[in-house]
Every structure is written in C-alpha cells, then in structure tokens.
1. Considering only residues that are surrounded by fewer than 15 Cβ atoms within 10 Å (Cβ to Cβ) and part of a helix (DSSP H, G or I), which ones fall in segment 61-78?
2. Could you give every pair whose Cβ atoms fall below 6 Å, whose first residue belongs to segment 90-104 and is closer than 16 Å to residue 135 by Cα, and whose second residue is part of a helix (DSSP H, G or I), counting only separations of at least 6 or pairs across chains?
3. Which residue pairs have Cβ atoms closer than 7 Å, lie 6 or more positions apart in sequence or on different chains, and pair a first residue in segment 138-158 that is outside the structural domain of residue 100 (by TED's automatic domain parsing) with a second residue that is surrounded by fewer than 10 Cβ atoms within 10 Å (Cβ to Cβ) and modelled with pLDDT under 85?
4. Identify all residues within segment 36-51 that are part of a helix (DSSP H, G or I) and surrounded by 11 or more Cβ atoms within 10 Å (Cβ to Cβ); write none if there are none.
5. Could you tell me which of the residues 84, 100, 74, 136 is farther than 30 Å from residue 16 by Cα and at pLDDT 80 or above?
6. Surrounded by 10 or more Cβ atoms within 10 Å (Cβ to Cβ), assigned to a helix (DSSP H, G or I) and in contact with a helix residue (DSSP H, G or I) (Cβ under 7 Å, 6 or more places away or on another chain) - does that describe any residue in segment 130-143?
7. Does residue 54 count as modelled with pLDDT under 90 and either part of a helix (DSSP H, G or I) or at negative phi (or both)?
8. Look through 18, 23 and report the one residue that is closer than 30 Å to residue 126 by Cβ and part of a helix (DSSP H, G or I).
C-alpha cells in the first residue's frame with residue numbers, strides 16, 4: 001500500500017492536499033497557466049490540468065476534498081470492539097479445534113454469525129488492518145514435540161570435525 005493507514009489518507013493528509021488545490025485555484029484566478037502552477041506547487045502537470053478543468057467548471061468549490069474513499073465499514077465502533085474481544089479468544093472458542101490460527105475465512109464466520117454482515121477475505125483483511133491486527137506466520141511445531149529431548153540431543157550428539165569422506169572441492 002502507498003499510504004500508512006492501509007490505502008487512504010488520514011483527515012490531516014486530505015486537508016493538506018486540499019490546501020494545495022486551493023493554492024492552485026488562487027493561481028488560476030490570477031491567470032497562471034496549469035504547467036506553471038504545477039511547477040510552483042511541485043505537483044504533476046496532469047494534476048494541475050485536472051484541477052484547472054474542475055476549477056473552470058465549478059470554481060473553488062469543485063476542489064474541495066470529497067472525504068475518505070471506499071465504502072464505509074459495515075460494523076459500528078461497538079461491534080468492532082466486540083469483534084476484537086471475540087478474536088482475542090482463540091479459534092477453539094469458536095469451534096476450530098484442529099489448529100489455533102485465525103484465517104481470513106475463519107474471521108468472516110464470526111462476523112456473519114454475530115453481526116449479520118458478510119465479508120469477503122479481502123474485506124476482512126482491510127477490517128483487521130484498520131483494527132490494528134497484522135498478519136502473523138505461526139511457527140509450525142508438532143504437538144508431540146519434546147523440548148527437553150531436543151535440547152539433550154543437540155548437546156550430546158553434536159558431530160564435531162569433518163568426516164573423512166568429505167573432500168575439499
């Protein structure tokens with residue numbers, strides 16, 4: 001993603017860009033051509049020409065920020081907090097006994113069951129990112145793993161030196 005919050009600008013970032021567009025509008029009102037405005041504002045000529053066209057059609061009001069892009073979240077703030085609590089319980093609490101990992105498809109099921117909203121895996125990914133969750137790669141370890149035996153094997157049966165069959169190549 002290009003922006004820090006997962007694909008969009010913050011309110012402060014949108015306000016900053018809007019201020020640049022308003023500066024361009026002031027220049028257009030003074031008769032400055034789009035290429036010169038682009039050079040002064042350090043933006044692309046394409047942006048300056050697009051702003052100029054919008055300014056000609058609708059004036060300064062046409063350059064006002066339209067707000068955050070994309071669809072609004074289907075979950076309210078209270079529902080998002082409840083989802084956080086549900087996810088902090090392990091997947092076994094929701095019926096997945098074979099392993100203890102949350103997948104995007106698994107997260108979509110409690111969302112549908114609890115709140116009645118259907119989310120695709122990609123939408124679940126965006127939602128989790130917005131809630132501060134990040135992808136994790138679990139360490140795959142056998143359930144039967146015996147740490148003490150492994151430590152003992154590493155210390156006792158370590159092969160030292162070079163076997164005589166190894167030849168320098």
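1. 61, 62, 77, 78
2. The qualifying pairs are 100/91; 102/91; 104/121; 104/124; 104/125.
3. Taking only residues 6 or more apart or on different chains, not a single pair turns up.
4. Residues of segment 36-51 part of a helix (DSSP H, G or I): 36-41, 45-51.
Across segment 36-51, the qualifying residues are 36, 37, 38, 39, 40, 41, 45, 47, 48, 49, 50, 51.
5. On the way: 100 fails: at pLDDT 80 or above; 74 fails: farther than 30 Å from residue 16 by Cα; 136 fails: at pLDDT 80 or above.
Of the residues listed, the single one that is farther than 30 Å from residue 16 by Cα and at pLDDT 80 or above is 84.
6. Kept after step one, since they are surrounded by 10 or more Cβ atoms within 10 Å (Cβ to Cβ), are these residues of segment 130-143: 130-131, 133.
In the following step, the residues that additionally are assigned to a helix (DSSP H, G or I) were identified as 130.
Applying the additional criterion that residues be in contact with a helix residue (DSSP H, G or I) (Cβ under 7 Å, 6 or more places away or on another chain) yields none.
Within segment 130-143, none of the residues are surrounded by 10 or more Cβ atoms within 10 Å (Cβ to Cβ), assigned to a helix (DSSP H, G or I) and in contact with a helix residue (DSSP H, G or I) (Cβ under 7 Å, 6 or more places away or on another chain).
7. On the way: modelled with pLDDT under 90: no; either part of a helix (DSSP H, G or I) or at negative phi (or both): yes.
Taking the combined requirement at face value, the residue does not satisfy it.
8. Numbers: 23 fails: closer than 30 Å to residue 126 by Cβ.
After applying the criteria, what remains is 18.
The values are calculated or read from the model by the stated rules, or taken from the named source; none is laboratory data. Predicted model, so just to flag it, every value in this text is computed and none were measured. Please note: Cβ atoms are built from the backbone with ideal geometry, for glycine as well, and neighbour counts cover all protein chains shown.
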